[in-house]
Amino acid sequence: MKGLLVMSLLSSPDIDRIIEMAWEDRTPFEAITFQFGLSEQEVIELMRRHMKASSFRMWRKRMQGRQTKHAALREFGSGRHKCSRQRAISRNKISKRR
């Protein structure tokens, strides 16, 4: 029930950003949880609701077994990939850290 409440409070730009982060290969679900408070299962539900069925199936097939989508499964321990647009994304709490 908590997930439905959180998802109902998200703005359209937030939903678009979550979908963009979920499609990115190197953005782990933990980053989405940290920034938006959604679990992996809640992200999957959001994607199911806001995407065409064929696009959702393609995304799920692509994400199956992808190690980079889970921080604990990543092979590298230090450093991380950073999107070139990271600072330009509004309301991105991660990029504002020093």
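Annotation note: of 62, 48, the sole residue that is modelled with pLDDT under 90, assigned to a helix (DSSP H, G or I), out of contact with any strand residue (DSSP E or B) (no Cβ under 9 Å at 6 or more places or on another chain) and not aliphatic (A, V, I, L, M) is 62. Looking across segment 18-52, not a single residue is over 15 Å from residue 63 (Cβ atoms), within 8 Å of the chain's Cα centre (by Cα) and not hydroxyl-bearing (Ser, Thr, Tyr). Applying the condition of being loosely packed, with under 10 Cβ neighbours inside 10 Å and outside any loop (DSSP other than H, G, I, E, B) to segment 65-88 and asking which residue is modelled with the lowest pLDDT yields 88.
The values are calculated or read from the model by the stated rules, or taken from the named source; none is laboratory data. If you're wondering where the values come from, they're calculated on a predicted model, not measured in any experiment. Cβ coordinates were reconstructed from backbone atoms using ideal geometry, including for glycine residues, and neighbour counts include every protein chain displayed.
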